[in-house]
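Notes follow the structure.
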Amino acid sequence: DPALIFDLGGKFDKSFNEAAYNGAERWKAETGGTYKELEMQSEAQREQALRRLAQSGANPIVMTGFAFGEVLNKIAPDYPDTKFVIIDMVVEQPNVQSVVFTEEQGSYLAGVAAAKASKSGTVGFIGGMDIPLIHKFECGYAQGFKAANPDGKLIINYTGTTPAAWNDPVKGGELLKAQVSQGADVVYAAAGGTGIGVLQAAADAGVLSIGVDSNQNHLHPGMVLTSMVKGVDNSVYEAFKAGTEVEPGVRVMDLASGGVSLAMDDNNKPLISDEIAAAIDTAAKAIDAGEIKVHDYMTDNTCPVQ
Amino acid sequence: MPAAVRDEPSHASGGSIWKTEKTEKGGLMERMPKWADVILTPLISLALAFGISALVILAIGESPVEALKVMVQGALGSSYGWGFTLYYTTNFVFTGLAVMVAYHAGLFNIGGEGQAALGGLGVALVVLALPWPHWALALPAAAMGAALFGALWALVPAWLQARRGSHIVITTIMFNFIAAALLNYVLVNLLRPVGSMDPASARFPAAVHLPKLSDMALGLGIEWGRNTPANVTFFVAVAACVLVWLLIWHTRLGYEIRAFGKSEPAALYAGISPVRITVLAMLISGALAGLMAINNVMGEAERLMLNAVEGAGFIGIAVALMGRNHPLGVLLAALLFGFLYQGGGELALWTSIPRELIVVIQALVILFTGALDNMVRMPLERLFTALRRKGA
Amino acid sequence: MPAAGALHGAPAIELRGISKAFGPVQANKDIDLVVPRGTIHGIIGENGAGKSTLMSILYGFYRPDAGEILIGGKPIAIADSQAAIRAGIGMVFQHFKLVQNFTVLENVILGAEDGGLLRPSLSRARGALKRLASEYGLQVDPDALVEELSVGHQQRVEILKALYRQADILILDEPTGVLTPAEADHLFRILRGLRDEGKTIILITHKLREIMEITDNVSVMRRGEMVASVKTAETGPAQLAELMVGRKVLLRVEKPPARPGAPVLEVRGLRMVDADGVERLRGIDLEIRAGEILGIAGVAGNGQTQLLEVLGGFPEAGAKLQGEIRLNGKPLPLGGAGADGRARRQAGVGHVPEDRQAEGLIMDFTAWENVAFGYHHAPEFQNGMLMDNAAIRADAMGKIQHFDIRPPNPDLAARNFSGGNQQKIVVAREVERNPDLLLIGQPTRGVDIGAIEFIHKRIVALRDAGKAVLLVSVELDEIMALSDRIAVMFDGRIMGERLADEATTGDLGCLMAGVDPALTPPEAAIPPAAAPGTDAGGGAG
Amino acid sequence: MDFATVIQILDSAVRLMTPLLLACLAGLYSERAGVFDIGLEGKMLMAAFTSASVAYATGNAWLGLLAGIGGAVAMAGLHGLASISFRGNQLISGVAINFLASGLTVLLGQKIFGLGGRTPSLSGAARFGEITLPFADTLRPVPVIGPIYAELISGHTILVYVAFAMVPLTWWVLYRTRFGLRLRAVGENPASVDTAGVSVTRLRYGAVMICGVLCGIAGAYLATGISAGFVKEMTAGRGFIALAALIFAKWRPWSALFATFLFGLMEAVANRFPNLDLGIITVPSMFMNALPYILTVIILAGFVGRAIPPRAGGEPYVKER
Ligand SMILES: Nc1ncnc2c1ncn2[C@@H]1O[C@H](COP(=O)(O)OP(=O)(O)OP(=O)(O)O)[C@@H](O)[C@H]1O
Ligand SMILES: Nc1ncnc2c1ncn2[C@@H]1O[C@H](COP(=O)(O)OP(=O)(O)OP(=O)(O)O)[C@@H](O)[C@H]1O
Ligand SMILES: [Mg+2]
Ligand SMILES: [Mg+2]
């Protein structure tokens, strides 16, 4: 059986753990198969969980989150017959598939959409815990926004420096209001549970928001401009489907492969004017064609804009 | 300050709010035998806590028997389980001792979380700064780094309390937040290898990897707890218990700490300086909390990560209080929490019981053994007094 | 509630077969007591005899295990203090039950408010206090904070609380333990007045003189039992003391004449301004010689406490000091390093502080730990880096035997010893080290006569061993009995000095009121009315 | 910084301080009665959960509020049982309550809603809406006063006004009523109350229950007022900040208002200026996030003297040992 290990945030984090869970459930529904799932309790358990699963014969073993990188690198050689899939991190081992997403590209498109949808020319970004991964979102968003509106203003907030930053909708809402009072009328939230508060407050304040990771358009129909969807669910689904035949190596899930995308559905249809849709489309094509290179914050810890 | 009956009119109150010295039991004659107080009461309380936990498990539609089996099996039933249980225990021993030492000085140190986090920074800096040839050299140096950073993080609140009267409870809470921010900054901007997604320091070189208990057992030809994180730090923790015990009950400093914690006016009368004791006690407390880092950072993760402390600082409060502020009690309470942590982890890993159940079980254990202990003790006392009357 | 419905001629209080155990401790055993209406009834007994417990039962603070209480001849159930108050009982506890940071008025109405809002209660109480003040001479500022009042005034508040609740029966547990002689006299005048009004009063005290002076009947308790109840007129101090302790007690201090040697302590121009800027000591000059006891008399709050604290090395934080202290001719630092309690002890100063529970002892430490308190740096208590707990225990055992501290169990926490025995622990610790100078404050406050006798003997023995003793006490009797010379403190100054054999109560009383007939310093603020100026004898120094 | 910005920051501060203020006053009642409470966080969390659940189920925010109060009062009852009836250690009891709430909310939430401890988002009448005070719109154009009234004072949920009204009310109860007198007395010297014939136990339970009610309102505000639903651990340390504010305020109601306002203000400022540009250096957002805590320490050290707690605080009342 395949197995899925969630990171510390837990499988209902409204973010990528939950997306992974959805992918696994989809596989289950389609194939009628069963899978094992684990939620981490503490750092020290990562190795324990991986080893126990590997010993129990689970294959492939999918795990979400960069935090597994170190451990996986260490234990993968001990189980050469087991296939591992790690999401959001590159681990170079012969039996490991590393799935990474070009969040910067998806965020770039979100930035373009925000620029086009904004009437005030000021948009916002609210990140969760202040860590590099979220800066990657922020930087892509900023690039897209600046490309579409070079004179526009971007307001950036992070919720905090402790894990509580992922679960503080009150603060998220307050940050949104602070940004709105500075003129922002589209705000992109990459903040887990805190984002729920951001989207809510945006809906209350009558401004647009952009969801993240999974499609959050339905949370406030007509008020969420779009969501920057990371195809974590697809990756898990595909890994499960491939079973022991999972291809080792690095899989870059980019715009072209549909790994990242902006969610379009009935909920946000009225918000996406033709002009916006066209701008997104153009940008996406340019990225695909390599005409636009979206800078990845992680490569050098800097962002070309701002 | 004694309750009710015995307060002399002039008896000055201790000064700080958390100066809640525990009123020792032990009148002219005990109401019940000591063994009943020290063993029977906690055991019954524990049983009650688990009883209620069982009800909670039933309520969410799972089998308590199964759950207990998984917990005990997973935490204590194999060398493997023990390898984890002892690892967590080690963490809790340090933070528990930290709270305990401060508590004896009448200071309530809620800052273990931040001090342990800074201890981790100390370890990382020491380990990464020099090319250590062997762990045996690196360990004392890293321990010193950990203790130093932890102590320094406690120094500011201590000094502010001693000199400016700023309340230690507030300042240590604040310093937890500040520590998180500082660590975040240092990890993201200074210690993180470029290109790494993970806000964590570089991996420590192999030479400084601490021997795991399993390796040590293997050295003795015993196959014990393979791939478990318990490491040589466990012995450091046990040694710390002994040292703290010596410190508190067998040194002048410990004597002064306890005296000051019980009565500030009396300490002044005896020539004990409040500033000195406050600062020293908090330095020791912070150093102990910081020392936890050699277990989790150097011994387990082998690099410094964000949130490496994982709440152990707060559990230390429960451990110290439940351990009745005695190192042996702290060790036992830490073991209990280590068991709950590991057993609970197993439960969450291998059954469909959500991991939050463990938090509930922990809460119930803390509640029944730590706060509702008199619920068990009072009837027991009555029973023993009645028995004695009958016997007499 | 006045005893309107009381059977005429029935005793105000009758206790029948009261028993009370605290866990294994039998505090009261089958106690009977009858107190006729309109009398003052004394109760005496050793520390821990069960007096306070018995009264607390009568007041509904504790519930008896067995027994019956009759008020005005009618049996009543006193389940809690509210019931006792309703039955017309008021009690002034040994340890006051006042809220320190409340005003007098607030303390008085607490629990006896008129309604949900405070304002009406407060104004009614204000009126009532005015009336009570003029009726009984119980003046206190109704708006003063209790913590700012002297103990004497705090006690008045307690009495006012009882009277405000219209108590018909008033219980006072060791009321004079903390009072000056003048305050005690005043209290007794009030009590007599109350009795003459038909109120019934129960008075617990360790002072036989007070029993003889004011009570109509007296009951003696020992080890939880009532051993005797007699008419005061038909007994005497010696007999009472013997009933109390179970052996003959020496009621006078026997001391050979002093043979003073070289000066041990010399104090010149000592001034102290406390953190609030109040000058507590205004230029103290003192000299104590070896083999001499200098008694400092004075109404509490005239700087004696500060003098002891400065000499003992722990003035309150933020105090400013000036002047000169010499011990055996060598100057002692006034502040900074080397001026703390520890340095003083090393220099040879022993110190029995006024407040044994707050300062002299760590109440939660065991007796043996307390025996090292302040001397925990002494070389004989060290064992390398560690403290030699075995040595401390051995030392403690010796002191417990020598001082007959009961129970002789060094592992008992200090709080579980009676007041007298707590005091003995402190005295043993300080005296047994043979300090060159012993500072001793209120050595026998609240201590029973058996223990008083013992403590006095030890002080005199120290003197006879050629040591200097500075004795501070508000008990004029004690000062007169123990001292070789007596200095009187008033308002931070030494008002005058007398040789003990030449001093008279009246003379000292004048000095304590701030009046020295012999030398009246021009700058001293003297209330003119209080300057009778009669006695002019005595060696003023 | 222009006037409008100031108003906006103050407005945000008001919203952010409200849960702190309620929790702080809650702690004030309990601790003034001599029962220390580090379980404010847990009580608020439990209340946030129960209020969100019931508000969702009934679609009525007021029923949610009631349920929130019920949840917090249940926790308070536990604290009372442990620290009053059974004379347990008040600190341990508080720690236990924090753990209990943290676990139970998610456990129950998962069992009931299956969303991993979240409740579904609330909308419409299940939330407390913002109230526009009379004449707010008429007055808005008036300079200075207009914005202050229309934006700062008007336009909050009812619970914000409740919280602010609690300050004078608490002051009045504490200093002008019989209950307040006894409450303060029992925290200073329970024996004085006992010998006056008033039940210490009843008084302390009363105080602890009031504490529960106020924590309940605070929790309900978090879940149904300022945001729309429960998220696990959503109190995010606010109970501890409230505790800090309580000590900061030296256990006094008006000072509590000031202290919590200060915390709210500092958070609002940090939210508004996430990267403070000081010319030479830009303060990183991590430090701006920590700014409220750093400033607290500085203010505490510089301007606030020693805080003397209620004298009998933390000690169970024991007559006979
Ligand atoms: N609150 C209490 N809890 C337990 N035991 C107590 C308590 N109070 C008193 N006792 C016990 O009851 C006995 C009688 O104490 P009590 O206070 O009545 O003595 P007392 O005669 O008033 O002494 P003293 O002269 O020192 O005031 C003591 O020896 C003690 O063992
Ligand atoms: N909690 C307690 N446990 C055991 N014994 C107690 C306790 N409280 C008081 N006692 C006992 O009560 C007796 C008398 O206590 P009490 O409170 O009357 O004070 P005391 O110290 O004797 O006061 P004082 O010296 O002022 O007369 C002592 O013998 C002491 O052992
Ligand atoms: Mg007594
Ligand atoms: Mg007594």
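Between D:Leu104, D:Leu183, D:Leu300, which gets the highest mean-square fluctuation from a Gaussian network model of chain D, Cα cutoff 10 Å?
In this elastic network of chain D, the residue with the biggest mean-square fluctuation among D:Leu104, D:Leu183, D:Leu300 is D:Leu300.
Which lysines have a Cα less than 26 Å from the Cα of D:Lys43, not counting those fewer than 8 places away in the same chain?
Excluding near neighbours in sequence, the set is A:Lys11, A:Lys14, A:Lys171, B:Lys19, B:Lys22, D:Lys111, D:Lys232, D:Lys250.
Compute the Rg to Rh ratio over chain C from the alpha carbon atoms, using the Kirkwood formula for Rh, and round to two decimal places. Please list the in-between numbers first.
On the way: Rg = 24.3 Å, Rh = 24.9 Å.
Rg/Rh: 0.98.
List the equivalent ellipsoid semi-axes of the stretch D:108-166 in whole Å, largest first, each obtained as the square root of 5λ for an eigenvalue λ of the Cα gyration tensor. Provide the component values of the computation, followed by the final result.
Numbers: eigenvalues 255, 29, 16 Å².
Gyration-tensor ellipsoid for the stretch D:108-166: 36, 12, 9 Å.
May I ask for the angle, rounded to the nearest 10°, between helix C:449-464 and the longest principal axis of chain C, with both axes built from Cα atoms and the value confined to 0 to 90°?
Relative to chain C, helix C:449-464 is tipped by roughly 10 degrees.
log10 I(q)/I(0), Debye, Cα-only chain A, no solvent, q = 0.06, 0.08, 0.15 Å⁻¹?
Debye output, listed in q order: -0.19, -0.34, -1.12.
Can you give the Rg/Rh ratio of the stretch B:203-294, where Rg is from the C-alpha atoms and Rh is the Kirkwood radius?
Result: Rg/Rh = 1.20.
Quick one: if the Förster radius is 25 Å, what FRET efficiency do C:Asp411 and B:Leu387 give, using the C-beta to C-beta distance and rounding to 0.05?
With a Förster radius of 25 Å, E is 0.55.
In whole Å, what is the distance between the alpha-carbon centres of the stretch B:233-257 and the stretch C:110-176?
That distance is 52 Å.
Cut-off under 26 Å on the C-alpha distance; same-chain residues fewer than 8 positions from A:Lys116 excluded. Which lysines are left, in chain and number order?
Straight-line reach from A:Lys116, under 26 Å: A:Lys136, A:Lys146, A:Lys153, A:Lys177, A:Lys230, A:Lys269, A:Lys285, A:Lys293.
Could you size up the charge dipole of the stretch D:3-238 around its Cα centre, putting +1 on the beta carbon of Lys and Arg and -1 on that of Asp and Glu, and report it in debye to the nearest 20?
460
Can you give the charge dipole size of chain B about its Cα centre, rounded to the nearest 20 debye, using +1 on the beta carbon of Lys and Arg and -1 on the beta carbon of Asp and Glu?
860
Taking Rh as the Kirkwood radius computed over C-alpha pairs, what is the Stokes-Einstein D of the stretch C:361-432 at 10 °C in a medium of viscosity 1.306 mPa s, expressed in µm² per second?
It comes out at roughly 133 µm²/s.
If you take the accessible area of B alone plus D alone and subtract the pair, what total do you get in square angstrom, rounded to 100, with a 1.4 Å probe?
The B and D chains share an interface burying roughly 5200 Å².
Please list the three semi-axes, largest first and in whole Å, of the ellipsoid equivalent to the protein assembly as shown, using sqrt of 5 times the eigenvalues of its alpha carbon gyration tensor. Don't skip to the answer; put the middle values down first.
Details: eigenvalues 911, 245, 194 Å².
Output for the protein assembly as shown: semi-axes of 67, 35, 31 Å.
Round to the nearest 10 and report in Å² the accessible area of A:Cys303, as given by a 1.4 Å probe over the protein chains' heavy atoms.
30
What accessible area per residue comes out for the protein assembly as shown, rounded to a whole number of Å², with a 1.4 Å probe?
Dividing the accessible area of the protein assembly as shown by its residue count gives 34 Å².
What length, rounded to one decimal in nm, is gained on full extension from A:Thr302 through to A:Thr34, with 0.36 nm per residue of separation minus their alpha-carbon distance?
That pair, A:Thr302 and A:Thr34, stretches by 92.2 nm at full extension.
Excluding residues fewer than 8 places away in the same chain, name every one of the lysines whose C-alpha is closer than 23 Å to that of C:Lys207.
Here the lysines satisfying the reach criterion relative to C:Lys207 are C:Lys51, C:Lys97, C:Lys199, C:Lys231, C:Lys248, C:Lys255, C:Lys424, C:Lys457.
In whole Å, what is the distance between the alpha-carbon centres of the stretch D:98-133 and the stretch D:226-292?
Measuring centre to centre over Cα atoms gives 23 Å.
Using a 10 Å cut-off around each Cβ of peptide C:310-318, what is the average number of partner chain Cβ atoms that fall inside?
Per residue, the number of nearby Cβ atoms from other chains is 2 on average.
With every protein chain in place, what's the accessible area of B:Val208 (1.4 Å probe, Å², nearest 10)?
Answer for B:Val208: close to 0 Å² accessible.
Using only helices, what value at 222 nm comes out for the protein assembly as shown when you add -39,500 (n - 2.57) per DSSP H run of length 4 or more and divide by the total residues, to the nearest 500 deg cm²/dmol?
-15000 deg cm²/dmol
I'd like the Karplus ³J(HN,Hα) series for the stretch D:144-153: coefficients 6.51, -1.76, 1.60, θ = phi - 60°, whole numbers in Hz, and an x wherever there's a Gly or Pro.
Going residue by residue, I get 6, 5, x, x, 4, 6, 6, 9, 7, 7 Hz, with x marking Gly and Pro.
Between the stretch C:221-292 and the stretch A:242-306, how far is it from one alpha carbon centroid to the other, in angstrom?
Using only Cα atoms to place each centre, the spacing works out to 93 Å.
Would you mind giving the mean number of other chain beta-carbons within 10 Å of the Cβ of each residue in B:43-52, as a whole number? Please list the in-between numbers first.
Details: counts 0, 0, 0, 0, 0, 0, 1, 0, 0, 0.
So the per-residue partner count for this stretch is 0.
Using only protein heavy atoms and a 1.4 Å probe, how much accessible area in total is buried between C and D, to the nearest 100 Å²? Don't jump to the answer; show the numbers that get you there.
Values: alone 23120 and 15130 Å², together 36020 Å².
It comes to approximately 2200 Å² buried between C and D.
Counting only complete DSSP H runs, which helices of chain B cover 18 Å or more along their long axis at the Cα atoms and score a mean Kyte-Doolittle of 1.6 or above?
Long hydrophobic helices here: B:41-59, B:168-185, B:233-250, B:274-293.
Using only the alpha carbons, work out the radius of gyration and Dmax of the stretch B:89-310 in angstrom.
Cα-based Rg and Dmax for the stretch B:89-310 come out at 18.2, 61 Å.
May I ask for the accessible area buried between chains D and A, both sides summed, probe 1.4 Å, to the nearest 100 Å²?
Answer for the D-A pair: about 2400 Å² buried.
Sort the following peptides by mean Cβ neighbour count (other Cβ atoms within 10 Å, averaged over residues), highest first: A:61-70, C:269-278, C:428-437, C:156-165.
A:61-70, C:156-165, C:428-437, C:269-278
Most mobile of B:Tyr269, B:Tyr185, B:Tyr88 per a Gaussian network model of chain B (Cα springs, under 10 Å)?
B:Tyr269
What number comes out for the charge environment of D:Met234, summing +1 per Lys or Arg and -1 per Asp or Glu over other residues with Cβ under 12 Å away?
Here the charged neighbours net out to +1.
For the stretch C:295-301, just list the computed ³J(HN,Hα) in residue order, Karplus coefficients 6.51, -1.76 and 1.60, θ = phi - 60°, integers in Hz, with x standing in for Gly and Pro.
Karplus-based 3J(HN,Hα) across the stretch C:295-301 equals x, 10, 9, x, 5, 3, x Hz.
Return an integer: the convex hull volume of the alpha-carbon atoms of chain D, in Å³ per residue.
That works out to 148 Å³ per residue.
About its Cα centre, what dipole magnitude does the stretch C:1-103 give when the only charges are +1 on Lys and Arg Cβ and -1 on Asp and Glu Cβ, stated in debye to the nearest 20?
200
Place a point 7 Å from the Cα of D:Ala74 along the Cα-to-Cβ direction; which residues of the stretch B:355-386 have their backbone N under 19 Å from it?
Residues B:356-368 fall inside that zone.
The values are calculated or read from the model by the stated rules, or taken from the named source; none is laboratory data. Source: prediction; values computed, not measured. Virtual Cβ from ideal backbone geometry, glycine too; neighbours counted across all protein chains shown. In case anyone asks, the SASA skips ligands and DNA or RNA and just uses the protein heavy atoms, side chains included. Shrake-Rupley method; radii C 1.70, N 1.55, O 1.52, S 1.80 Å.
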